[in-house]
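Visitor: One structure follows; several queries about it will come next.
The values are calculated or read from the model by the stated rules, or taken from the named source; none is laboratory data. The shown structure was predicted, so the numbers you read here are calculated from the model rather than taken from an experiment. As a convention, Cβ positions derive from the backbone with ideal geometry for all residues, glycine included, and neighbour counts pool all protein chains shown. Side chains included, ligands, DNA and RNA excluded: accessible areas come from the protein's heavy atoms. Shrake-Rupley method; radii C 1.70, N 1.55, O 1.52, S 1.80 Å.
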Amino acid sequence: MTLTLNLPGGAVTLKDGPAPENPGGWTRKALAAAHVVADPLAEADPWLDAPIDWDRTLAFRQHLWGLGFGVAEAMDTAQRGMGLDWPTSLELIRRSVADAKAGGHAIASGAGTDHIDPEGATLDQVIAAYEQQCEAVEATGSQVILMASRALVRAASGPDDYAKVYGRVLSGLAQPAILHWLGEMFDPALLGYWGDADHMAAMDTCLSVIEANAAKVDGIKISLLSADKEIAMRRLLPEGVRMYTGDDFNYPDLIAGDEQGYSHALLGIFDPIAGAAARALSALGQGDMHAYSAAFDPTVPLSRHIFRAPTRFYKTGVVFMAYLNGHQDHFTMIGGQESARSTLHLAQIVRLANEAGLFPDAALAASRARPVFAARGVEL
């Protein structure tokens, strides 16, 4: 069916897109960084507390697993460091891992240092904080994703300090971890990570850390929104260490790869485009590059819009898409982050998602969109 919405910026005729499916045969490891669903009826202070709707949050992970994705838990897509604190993150990890184990699904979970104050933290305190979270994550049975640390940026005096911290933390892990180099466009407090504001110089330090600890490193996810930088690093990784693209601008080309290699994926954009991404990965496994591009390419304008600067507010678009597609009954986020994007921004999400065929039920999407825009003074 089709129906028309008079969105700000121009009317759009919504159409039913294909139902999400996974034909199988994937040749890339793909993890979706999943969002959390807030409990809008909890007695809490929305800007200070993190009330979670556990049923809806875990149901969304079942949705991702059902399409073939692994789940990257308690990452920045789940508002880690922007509303989701460490105690709530650990409870989320415990619940998700229990569901993953019950269903035989893949999961990896974020461990960082966000339970300590970055201001005045010493290297020893950073190491201890990492070790505390890594031990807690591994105790659940999850693989660790070693997240970038705001405290380490403050405490480190140069590249050698990063080598010391990562060497110590990685040496204590029971199984190889995925490292996460999150760029300052996602979190301004991480500017200068690996001891240098120049990404290529920082890359040299990061590669040396990986080479020194290769037995403890499954792979690295880099989120710098630069295909050239990712490809350059991918070609220098030690044998057996995976590159997981975290590039929400250029993922189709990076996952497809070139004559010298390809990237696996750990992406926040997989959350709202899961159905299309599953079809694309299946087509890639079958060598059908036409179908791969047909599934993936229309999603790129939406992803670039959702992740536009200030990139750290991309979670608003991710949750808005989940609401429109019926994965939750409201557009309310922890930390009040539903207000982080403009009305025009949300209207463009509807337009671009429709063009990408991401609304399996156009009538549902329209019925969900109307009250959101009405609350913002727009009658559809």
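Visitor: Would you kindly derive the ³J(HN,Hα) couplings of the range 313-325 from the backbone phi angles with the Karplus curve 6.51 cos²θ - 1.76 cosθ + 1.60 (θ = phi - 60°), listing them in order in whole Hz, with x for Gly and Pro?
Guide: Result, ordered by residue: 8, 4, 4, 4, x, 4, 6, 4, 5, 4, 5, 4, 9 Hz.
Visitor: Helix 86-103: angle to the longest alpha-carbon principal axis of the chain, degrees 0 to 90, nearest 10?
Guide: 70
Visitor: Give, in nm to one decimal, the length gained when the segment between Ser367 and Met289 is fully stretched (0.36 nm per residue of separation minus the Cα-Cα distance).
Guide: Here the segment from Ser367 to Met289 would lengthen by 24.5 nm.
Visitor: Here's something else I'd like to know. Which residues does a label at Asp204 reach in the range 172-196, if reach means a backbone N under 19 Å from a point 7 Å past the Cα toward the Cβ?
Guide: 192-196
Visitor: How much length is gained on full extension from Lys101 to Glu211, taking 0.36 nm per residue of separation minus their Cα-Cα distance?
Guide: 36.5 nm
Visitor: For the chain, which whole percent of the accessible surface, found with a 1.4 angstrom probe, sits on carbon and sulfur atoms?
Guide: Heavy-atom surface of the chain belonging to carbon and sulfur, 1.4 Å probe: 50 percent.
Visitor: Please compute the net charge surrounding Asp55, taking Lys and Arg as +1 and Asp and Glu as -1 over other residues with Cβ under 12 Å from its Cβ.
Guide: So the surrounding residues net to -1.
Visitor: So if I place +1 on the C-beta of Lys and Arg and -1 on the C-beta of Asp and Glu, and nothing else carries charge, what would the dipole magnitude of the range 256-380 be about its Cα centre? I want it in debye, nearest 20. Numbers along the way, then the final one.
Guide: Numbers: 10 positive and 10 negative charges, 104 e Å.
Charge dipole of the range 256-380: 500 debye, to the nearest 20.
Visitor: For an R0 of 51 angstrom, estimate the FRET efficiency from the Cβ-Cβ distance between Glu21 and Arg154 and round to the nearest 0.05.
Guide: Rounded to the nearest 0.05, the efficiency is 0.65.
Visitor: Moving on. Over the alpha carbons of the range 250-380, what is the largest minus smallest coordinate on each principal axis, giving the biggest first in Å?
Guide: 51, 30, 21
Visitor: Sticking with this one: Return the percentage of antiparallel bridges among DSSP beta bridges fully within the chain, rounded to the nearest 5 %.
Guide: Details: 6 of 34 bridges.
Rounded to the nearest five, the antiparallel share is 20 percent.
Visitor: Please state the relative contact order of the range 1-155 as a whole percent: Cα pairs under 8 Å, 6+ residues apart?
Guide: Details: 213 pairs, mean separation 28.4, N = 155.
Dividing the mean separation by the residue count of the range 1-155 yields 18 percent.
Visitor: In square nanometres and to one decimal, what's the mean projected area of the convex hull around the Cα atoms of the range 277-337?
Guide: Mean orientational projected area (the range 277-337, Cα hull): 5.1 nm².
Visitor: Additional query: Nearest 0.05, what FRET efficiency do Leu48 and Glu119 give at R0 = 25 Å with Cβ-Cβ as r?
Guide: The calculated FRET efficiency here is 0.85.
Visitor: As a test question: what accessible area, to the nearest 10 Å², does Trp26 have when a 1.4 Å probe is rolled over all protein chains in place?
Guide: We get 60 Å² for Trp26.
Visitor: Here's something else I'd like to know. Taking a ≥ b ≥ c as the square roots of the Cα gyration tensor eigenvalues, with a/c under 1.5 meaning rounded and otherwise prolate when a/b beats b/c, else oblate, which class fits the range 25-175?
Guide: The shape class here is oblate.
Visitor: Given a Förster distance of 56 angstrom, what is the FRET efficiency for Ala139 paired with Thr13, based on the Cβ-Cβ distance and rounded to 0.05? Write out the running numbers ahead of the final one.
Guide: Details: r = 51 Å, r/R0 = 0.92.
Calculated value: 0.65.
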